[in-house]
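The values are calculated or read from the model by the stated rules, or taken from the named source; none is laboratory data. What you are looking at is a predicted structure, and each value in this text was computed from that prediction instead of being measured. Here the Cβ positions follow ideal geometry from the backbone for every residue, glycine too, while neighbour counts run over all protein chains shown. We work out accessible area using only protein heavy atoms, side chains counted, and drop any ligands, DNA or RNA first. Shrake-Rupley method; radii C 1.70, N 1.55, O 1.52, S 1.80 Å.
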Amino acid sequence: MSRGSLFIVSGPSGTGKGTVCSELIKCENIFLSISATTRNMRVGEKEGVTYFYTTEEKFKKMISDGQMLEYASYNGNYYGTPKKAVEDMLEAGKNVILEIEVQGALKVKEKMPEAILIFVVPPSIAELKKRLIYRGREDRDEIKRRIGEASREFSQLPKYNYVVVNDELQRCVNEVLDIINATNEKQRIIERLLNELKESVNYDD
Ligand code: 5GP
């Protein structure tokens with residue numbers, strides 16, 4: 001079985017990338033990595049489903065034990081991707097999605113250049129602000145901080161392989177699915193041609 005592909009989905013808070021990823025994992029052979037975080041659990045979230053919630057001490061121990069593929073500090077909390085689960089899924093030939101912020105995404109790209117970086121953007125900054133206020137999850141100061149964070153994240157946009165606009169959920173999901181399918185097809189073609197080359201080298205006529 002061929003190795004799976006790694007996709008990283010980033011985008012400022014409020015772009016709806018979480019909803020996009022929830023839709024993607026309804027498709028066959030697409031799986032989401034569950035991150036560890038030191039931030040508090042929010043209403044509606046579940047241990048081991050949304051995140052693995054942990055203390056700063058345990059999080060730092062996971063880093064020093066080499067268990068993290070990447071980690072970053074965002075808004076005063078740590079977030080990180082447990083390495084083994086991702087490796088196991090890739091080994092099993094799955095398409096794996098990391099929904100992570102830009103610092104972490106770029107660290108993964110350095111370690112695994114084959115990873116495909118996808119940046120989800122809102123249709124406009126006014127719309128982003130509206131979505132953050134409307135969902136009512138964060139207070140005013142937190143919204144201000146997240147918009148400030150967004151401008152830092154946008155500056156890294158040129159390093160991403162793809163940018164998709166989340167103007168309409170299903171259209172955006174379909175666009176990401178096209179990227180995943182095209183990546184898988186590229187992988188299949190490469191493997192087939194490499195196999196054919198190997199066979200033709202062994203052929204002694
Ligand atoms: P939230 O607190 O809204 O759940 O997440 C805040 C930010 O942290 C989001 O941009 C989210 O994508 C990012 N994030 C979630 N998990 C990880 C992770 O494992 N590593 C990194 N670098 N960022 C993460």
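Does Lys130 count as surrounded by fewer than 18 Cβ atoms within 10 Å (Cβ to Cβ) and farther than 30 Å from Ser5 by Cα? Please lay out each step first, then the result.
Numbers: surrounded by fewer than 18 Cβ atoms within 10 Å (Cβ to Cβ): yes; farther than 30 Å from Ser5 by Cα: yes.
Yes; evaluated as a whole, the condition is true for this residue.
A Cβ distance below 7 Å, combined with a sequence gap of six or more or placement on separate chains, defines the contacts here; from the stretch 52-76, residues that are modelled with pLDDT under 95 reach residues that are more than 9 Å from the ligand (Cβ to nearest atom) in the pairs Asn75/Arg145.
Every residue, every condition in (1) in contact with a Gly (Cβ under 6 Å, 6 or more places away or on another chain); (2) open to solvent by 80 Å² or more (accessible area, probe 1.4 Å); (3) free of Cβ contacts under 8 Å to residues at least 40 places away in the same chain, yes or no:
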| position | (1), (2), (3) |
| --- | --- |
| Asn166 | yes, no, no |
| Gln170 | no, yes, no |
| Val176 | no, no, no |
| Ile179 | no, no, no |
| Thr183 | no, no, no |
| Gln187 | no, no, no |
| Ile190 | no, no, yes |
| Leu194 | no, yes, yes |
| Leu197 | no, yes, yes |
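For Val96, the conditions (1) hydrophobic (A, V, I, L, M, F, W, C); (2) under 30 Å from Lys144 (Cα atoms); (3) within 12 Å of the chain's Cα centre (by Cα) are fulfilled apart from (2).
If you go through the stretch 82-101 and keep only what is within 12 Å of the ligand (Cβ to nearest atom) and part of a helix (DSSP H, G or I), you end up with Lys83, Ala85, Val86. Out of Tyr79, Tyr71, report the one residue that is near the ligand (Cβ under 8 Å from one of its atoms), closer than 24 Å to Asn166 by Cβ, of a type in the set (Phe, Trp, Tyr) and in contact with a Phe, Trp or Tyr (Cβ under 7 Å, 6 or more places away or on another chain). After ruling out the rest, the residue left standing is Tyr79.
Taking into account only those residues within the stretch 29-58 that are open to solvent by 20 Å² or more (accessible area, probe 1.4 Å), hydrophobic (A, V, I, L, M, F, W, C) and under 26 Å from Pro113 (Cβ atoms), which is farthest from the ligand (Cβ to nearest atom)? Top of the filtered list is Phe31.
Assess whether Glu142 counts as being within 13 Å of the ligand (Cβ to nearest atom), open to solvent by less than 50 Å² (accessible area, probe 1.4 Å) and part of a helix (DSSP H, G or I).
Taking the combined requirement at face value, the residue satisfies it.
Restricting the stretch 77-99 to residues that are without any contact (Cβ under 8 Å) to a residue 60 or more places away in the chain and of a type outside the set (Ser, Thr, Tyr), the residue that is most open to solvent (accessible area, probe 1.4 Å) is Lys84. The residue that is farthest from the ligand (Cβ to nearest atom), counting only those in the stretch 3-28 that are touching a residue at least 40 places away in the same chain (Cβ under 8 Å), open to solvent by 50 Å² or more (accessible area, probe 1.4 Å) and not in a helix (DSSP H, G or I), is Arg3.
Considering only the stretch 102-118, state which residues are aliphatic (A, V, I, L, M), part of a helix (DSSP H, G or I) and open to solvent by 20 Å² or more (accessible area, probe 1.4 Å). If the condition is that a residue be aliphatic (A, V, I, L, M), part of a helix (DSSP H, G or I) and open to solvent by 20 Å² or more (accessible area, probe 1.4 Å), then Leu106 is the only one that fits.
Please count how many residues of the stretch 56-81 are under 24 Å from Arg146 (Cβ atoms) and not in a helix (DSSP H, G or I). Let's see the steps before the verdict.
First pass over the stretch 56-81, keeping only residues under 24 Å from Arg146 (Cβ atoms): 56, 59, 68, 70-81.
Subsequent filtering for residues that are not in a helix (DSSP H, G or I) retains 68, 70-81.
Residues flagged as under 24 Å from Arg146 (Cβ atoms) and not in a helix (DSSP H, G or I) within the stretch 56-81 amount to 13.
Within the stretch 101-151, being of a type in the set (Asp, Glu) and touching a strand residue (DSSP E or B) at 6+ places or on another chain (Cβ under 8 Å) holds for Glu101, Glu114, Glu149.
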